[in-house]
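*Asks:* I have a structure here, written as structure tokens, and I will follow up with some questions on it.
The values are calculated or read from the model by the stated rules, or taken from the named source; none is laboratory data. What you see is a predicted model, and the numbers here were worked out from it, not measured in a lab. Neighbour counts run over all protein chains shown; Cβ positions are idealised from the backbone, glycine included. Protein only, heavy atoms only, side chains kept; ligands, DNA and RNA dropped before computing areas. Shrake-Rupley method; radii C 1.70, N 1.55, O 1.52, S 1.80 Å.
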Amino acid sequence: IKMRLPLALVANVRLLNSGLRIRHSIHNGVIKTSLLSSHNICSRAERKWIKPAGFDTGVKTYNSLTKQKEPLVLAQERIATWYSCGPTVYDHAHLGHACSYVRFDILQRILSRIFEINVIHVMVITDIDDKIIQRSLEQNISPTVLARMHEEEFKRDMQALRVLPPAVYMRVTDNIPQIVAFIKRIIGNGHAYVTSQGNVYFDTQSIGNRYGKLVNLGGIAGELGAQDKRDPRDFALWKASKPHEPHWESPWGQGRPGWHIECSTIASSVFGSQLDIHSGGIDLAFPHHENEIAQSEAYHQCEQWGNYFLHSGHLHLKGSVEKMSKSLKNYVTIKDFLKSYTANEFRLFCLLTRYRSAIDYSDASMNEARSTLSTISAFCHNAQAYMQGHLQCQPTEEGILWERLSATQSSVRKALADDFDTPKTMDAIMSLIHHGNCQLQPATKVDGPRSPAVFGAMLSYVREIMGVFEVDLLDRKEVHDSSGVLNNVVEELVHFRSKVRKFALSVEDQAPQDPHTGSEIQKRHPQPDRVPLLKDCDALRNNLAPLGVHIKGGSKVRR
């Protein structure tokens, strides 16, 4: 035996050097050994990022795959395919989530408005996972109801912060058949295995050194809690169901998807084997995005699935090194935040730091954003007043202002092309406003020509750039779309009116009898004390009509 073991190891090494390797797998209790070609084993050199072939946008962006800025090259001219990880909807969204979504919303607006790129954005809603199941048990409601409640709340929060919705939201539970098919193909390609417990795991050893494109995996142990994995780094593609858990049918038994597989499946179902941009918080880089890359490249049998990975920095409470998170119970909900500050102020707060930098949240930092916004708004008001002749000033150095405006326009475009440098952009805008304010000093006696045109150009440009960032300088009233909620409220109102009306028209439990015949007297009119209720029901129907709610036949409603 002592002699055979080294010989067997030598044989395995020879197989590896010849481009083949031994693979042991267990299926239905039977150990199978097979040889796989070396195209599934990748050297460290193959982990290197491959610059995409296509159309250079003129923008450079920090790519987490290379840890440096790279030219943003798109597969199709002026079209960027963009996938982002959405929320796991088991609780309220907090300001840490908002910071990431607002920052990437600003980046997408820059690409579309400044660089004229059509961004096709897809976001997944994780509506089934361990946290959702646990919270639904705690609250004694179904996981589906819990997920839908928080999904709608998330969408309302994003709208309140003026985050553009993606082209489409995709739910995990709406894509189970596609996920099952995706897993089957990964197994078929030799990169996943089924255990006797009905779990399916990705085989990280099957892709060799290609695992670890985003992070240095030294010392990383992998996912906890699983006892039937071959390697600690292997991760679940399919989880066998436990009692009383939601489950779906699969070739491996009843179960539900693992966390990472949902994103690979859904992104591939829309964009195929090539993705321009993938975004998310820096905390998602490992294991989530790392595992997405492994799965997707194993499924598509390609060298590079996602070309650019963009990660936003954490939001910290001032003075804390820990990120804002639900698990640490140090979060502020978006709804509570908007009681004290506006969407404009929060978006400006996000603009004052680089999107991939950590950001400190405090009343002081929010007051800085509020003060900056106030300065911009005051300039716009004064420039407009000057143009209208309501503000009298001494003659301005018009030529200098035109030069400042031109220089600002150039520097802003250059800053935004350099990894979306919004702090440098805001510095340039505030510098332009400072020079404008220096020449908008009120004067009691005016002698000389006026220069309204240059201030009109400056005003238009400041509004334009802040409009790109969706910071509203025109004080338009914020309107929140609550049509879904309103419809439900109207339905409940009409249902309540119907019940009240039915009660008002009903006869007594014991109808009076005719003393001569002994038969019950048929009541043809409502009881006198219920007449006011009927009048109120009619008044409610009449008052709702001008508001677009028409009640027909007692309970039918048309809006």
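*Asks:* Would you please give the residues with an amide H less than 5 Å from that of ILE79, counting only those at least 5 places away or on a separate chain, with H modeled from the backbone geometry?
*Replies:* ASN118
*Asks:* Starting from a Cα-only point model with no solvent, please compute log10 I(q)/I(0) by Debye for region 423-479 at q = 0.15, 0.31 1/Å.
*Replies:* -0.58, -1.32
*Asks:* Then there is this: Please compute the alpha carbon radius of gyration of region 86-174, then divide it by the globular-protein estimate 2.2 N^0.38 Å. Two decimals is fine. Intermediate results must be reported in sequence, preceding the final value.
*Replies:* Details: Rg = 14.6 Å, N = 89, 2.2 N^0.38 = 12.1 Å.
The reported ratio for this selection is 1.20.
*Asks:* Between GLN409 and TRP49, what's the calculated FRET efficiency when r is the beta-carbon distance and R0 is 25 Å? Round to 0.05.
*Replies:* Working: r = 33 Å, r/R0 = 1.32.
Calculated transfer efficiency: 0.15.
*Asks:* Could you tell me which trypsin sites (Lys or Arg not before Pro) in region 228-268 are loop residues by DSSP with no more than 11 other beta carbons within 10 angstrom of their beta carbon?
*Replies:* Of the trypsin sites (Lys or Arg not before Pro), not one in the loops of region 228-268 has a Cβ with at most 11 other Cβ atoms within 10 Å.
*Asks:* What whole-number distance in Å separates the alpha-carbon centres of region 140-219 and region 66-135?
*Replies:* Between the Cα centres of region 140-219 and region 66-135 lies a distance of 15 Å.
*Asks:* Quick one: what are the phi-derived ³J(HN,Hα) couplings along region 292-306, Karplus 6.51/-1.76/1.60 with θ = phi - 60°, whole Hz, x for glycine and proline?
*Replies:* Result, rounded to whole Hz: 4, 4, 4, 4, 5, 6, 5, 6, 7, 6, 10, 7, 8, 7, x.
*Asks:* Give me a comma-separated list of calculated 3J(HN,Hα) values for region 64-77, in order, Karplus coefficients 6.51, -1.76, 1.60 applied at θ = phi - 60°, integers in Hz, x for any Gly or Pro.
*Replies:* Rounded to whole hertz, the list is 4, 6, 10, 6, 7, 6, 10, x, 7, 10, 9, 5, 10, 5.
*Asks:* Short version: ³J(HN,Hα) in whole Hz for each residue of region 192-205, in order, from phi by Karplus 6.51 cos²θ - 1.76 cosθ + 1.60 (θ = phi - 60°), x for Gly and Pro, what are they?
*Replies:* Result, ordered by residue: 8, 9, 9, 9, 5, 8, x, 8, 10, 10, 6, 8, 5, 5 Hz.
*Asks:* Distance cut-off 18 Å, Cα to Cα: go down the list LYS131/LYS335; LYS499/LYS535; LYS339/LYS424 and report the pairs above it. It would help to have the intermediate numbers written out before the result.
*Replies:* Details: LYS131/LYS335 22 Å; LYS499/LYS535 14 Å; LYS339/LYS424 30 Å.
The answer is LYS131/LYS335; LYS339/LYS424.
*Asks:* A further question on this structure: When ranked by the protection proxy of mean other Cβ atoms within 10 Å per residue, highest first, what sequence do the peptides 408-421, 55-68 form?
*Replies:* Working: 408-421: 18.1, 55-68: 16.6.
With the highest mean Cβ count within 10 Å placed first, the list reads 408-421, 55-68.
*Asks:* Between LEU474 and HIS550, what FRET efficiency comes out of the Förster formula 1/(1 + (r/R0)^6) with R0 = 45 Å and r the beta carbon distance, rounded to 0.05?
*Replies:* 0.80
*Asks:* Another question, if that's okay. Taking the Cβ-Cβ separation of ASP360 and ARG530 as r and a Förster radius of 41 Å, what is the calculated FRET efficiency to the nearest 0.05? Could the numbers behind the result be given before it?
*Replies:* Working: r = 63 Å, r/R0 = 1.53.
Approximately 0.05, to the nearest 0.05.
*Asks:* Among rounded, prolate and oblate, which fits region 55-338 when a ≥ b ≥ c are the square roots of the eigenvalues of its C-alpha gyration tensor, a/c under 1.5 means rounded, and a/b larger than b/c means prolate?
*Replies:* Values: a/c = 1.56, a/b = 1.13, b/c = 1.38.
Verdict is oblate for region 55-338.
*Asks:* Order ARG354, ARG109, ARG450, most accessible first, counting only protein heavy atoms with a 1.4 angstrom probe.
*Replies:* Details: ARG354 50, ARG109 20, ARG450 95 Å².
From most exposed to least exposed: ARG450, ARG354, ARG109.
*Asks:* Further, regarding this structure: By its C-alpha gyration tensor, with a ≥ b ≥ c as the square roots of the eigenvalues, how is region 373-469 shaped: rounded for a/c under 1.5, else prolate for a/b larger than b/c, else oblate? Don't skip to the end; give the middle numbers.
*Replies:* Values: a/c = 2.61, a/b = 1.99, b/c = 1.31.
The shape class here is prolate.
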